[in-house]
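I have placed the structure first, in the form of C-alpha cells, so that the comments after it can refer back to it.
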Amino acid sequence: MPKKIDPEVQARAVRLVSDHLGEYPSLTAASAAVAKQVGVGRETVRRWVVQAQIDGGQRGGVTSEELAEIKRLKAENRRLREDVAILKAATFFLRGGTRPPQPMMAGFIDTMRSEGHAVESICRVLREQGCQIAARTYRSWCVSGPSDRTVSDARVVDAVRAAAWSIDVHGRRKLAPEGLYGRRKMTAHLRRTTAPGASAGSVDRAMRTLGLSGVRRDKGIRTTIPSKDGKWAGDLLDRDFTAPAPNRVWVTGFTYCRTWAGWVYVAFIVDVFAQRIVAWHASTSKETELVMVPLRMALWERGREGRPAVAGELIHHSDAGSQYTSILLTEHLALEGISPSIGSVGDAYDNALMETINGLYKAECIRTTVFHEGPYRTIGDVEFATAGWVDWYNNRRLHSTLGNVPPIEFEQAHYATLNREPQPA
C-alpha cells in the first residue's frame, strides 16, 4: 500500500462510519468494523471521522484548514531558521562577492549536512546569494571527488604559503623574504625547493588566493651631484654590464634612507659577473669616506676568499658623483691597479645595473618589514636590515638574469668548471 492513502478511500470510510454509527455502541467500534472493510487501521478511521465532525461543526477542535495553515507556518518558520543558520555559516566565503571555488562550496555543504541541513536547502540559499550550484552538481562532485587540478592547486597553495611566511621566535607569523617574489620568481623558487612540478598557472592562482603580488619598485629622486671641476675618467663600459669572470668589473653607487635621527646613506659595490654584492657601507655623511670604505672592504673580502683582484684586470665603474671623482678615491684606485670608469651626468643608463640594485634594496628592504620591524630610528636599524637583506640577496635570492640561481651559487658554479677533478685515462 502506498504511504499516502487515496482521498477517495478516506471519504468512503468516513461516509460508512457516519451512516452506520447508530448501529454500534461507540465510535471506536464503528471505526473498527469499517476499517476491516476498507483495509486501513482502526485508529486511522476513527481520527478521520473525528476530524470530519470537527470540520462539520459537530465537535469542537481545530479544523483541517487551520491545521494545514499551522503546518505551513511551521514549515516556513523551520525553513527560515535553517536559512539564517546557513547564511551565518556561509558569511566567510560569501564576503568576497565572487563565486567561491567549487571544492570550497562542496566542503561547506558537507559541513552543513553534518549539522542536519538538507542539501537542497543549502544549495537554494547559496543560489539566492549568487553562488550558483545545484544539488546534483554537489552529488556528482562527491561521487567523482576533486579534480587533479584542484588537488595540485591545493598543494601549490600550501607550498606558496610556507615559502612566503615564517614564524618568528615569538610565535608570530611574518612575511619571509621569499614573500617579496613575483609570480615568475616564486615559480622558480618552488621548482627548486618543495614543488618541482609546480606550473606557472597554479602559482599564479595560489598567489592570488593568498593575496600576494610581489614587491614593486618606485621611482626615486636624483642623488648624483657632479664635481665642480667637471673632470673625471671616461666610461669604459659603454652600458655593457657583463663580465667574463669575477673581479673583472665592479659597479658602485649609493642610495639614501630616512631615519628618525636623519638621513642615512648606503653604498654598495656589485661584481657584474654574478651581480653579487661584495661590500656595502652605511653612513650619515656623503663625504668621500662613504665610497672609500666599501672599496677597502671589497678588496679585503675577495682576498679573504682566496680570490683577490688582480692588478690591471679590474674596472671600477660609478656615476659622476663628486665622491667618485675625488682625488682620494682616484689615487686609491691607482694604487690598487684598478681602472676607474665613470658614466655621464644625469644619465641613469650609464650605471643601470647599480640603479637596479638600489631600487631592489629600497623596495625589498627599506619599504618592507621583512628585514626590520617598525620604523628606522638610527643608523643601527638601517645596518641591521641591510645586513639581513644582503645575506639573503647573495645566498638565497633568485636572479632571473642568472638562470634563477643566487649570485653565490652562480660564482661557485663558475669556479667549479675551472677546477675539475682529473679524470682517469
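Each value in this text was obtained by applying a stated rule to the coordinates, not by laboratory testing. All figures in this text were calculated on a predicted structure; none of them were measured in a lab. As a convention, Cβ positions derive from the backbone with ideal geometry for all residues, glycine included, and neighbour counts pool all protein chains shown.
Data overview
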item: Spacing of the two label points (7 Å from each Cα toward its C-beta) at residue 204 and residue 378, in nm; result: 4.9
item: Equivalent ellipsoid, the chain (semi-axes from 5 times Cα gyration tensor eigenvalues, Å); result: 85, 23, 15
item: Sorted largest first, extent of segment 59-208 alpha carbons per principal axis (Å); result: 85, 39, 24
item: Pairwise FRET efficiency - residue 67 versus residue 132, Cβ, R0 = 35 Å, nearest 0.05; result: 0.40
item: Within straight-line cross-link reach of residue 362, aspartates and glutamates at Cα separation under 12 Å, skipping those fewer than 8 residues along the same chain; result: 218
item: Note, ³J(HN,Hα) from phi for segment 194-208, Karplus 6.51, -1.76, 1.60, rounded to Hz, x at Gly and Pro; result: 9, 9, x, x, 5, 8, 5, x, 5, 5, 4, 5, 5, 5, 5
item: Structure-based [θ]222 nm, the chain - -39500 (n - 2.57) summed over DSSP H runs of at least 4, per residue, nearest 500; result: -15000 deg cm²/dmol
item: Check: the chain dipole with +1 on Lys, Arg Cβ and -1 on Asp, Glu Cβ, in debye; result: 2000
item: Segment 7-61 - Rg (one decimal) and Dmax (whole number), Cα, Å; result: 10.2, 28
item: Three principal axis lengths of segment 277-327 [C-alpha, angstrom, descending]; result: 32, 23, 18
item: Translational D in µm²/s for segment 66-144 (Stokes-Einstein at 25 °C, 0.890 mPa s, Kirkwood Rh from C-alpha pairs); result: 184
item: Cβ-Cβ FRET estimate between residue 150 and residue 172, R0 fixed at 30 Å, reported to 0.05; result: 0.45
item: Amide H contacts of residue 129 (H built 1.01 Å from N, under 5 Å, at least 5 apart or other chain); result: none
item: Among 152, 108, 26 - extreme Cα towards positive end, dipole of the chain, charges at beta-carbon; result: 26
item: For segment 148-210, diffusion coefficient by Stokes-Einstein and Kirkwood Rh (Cα), 4 °C, 1.567 mPa s, µm²/s; result: 111
item: Relative counts (whole %) of C-alpha pair distances in segment 102-191, using bins that are 10 Å wide; result: 14, 31, 22, 25, 8
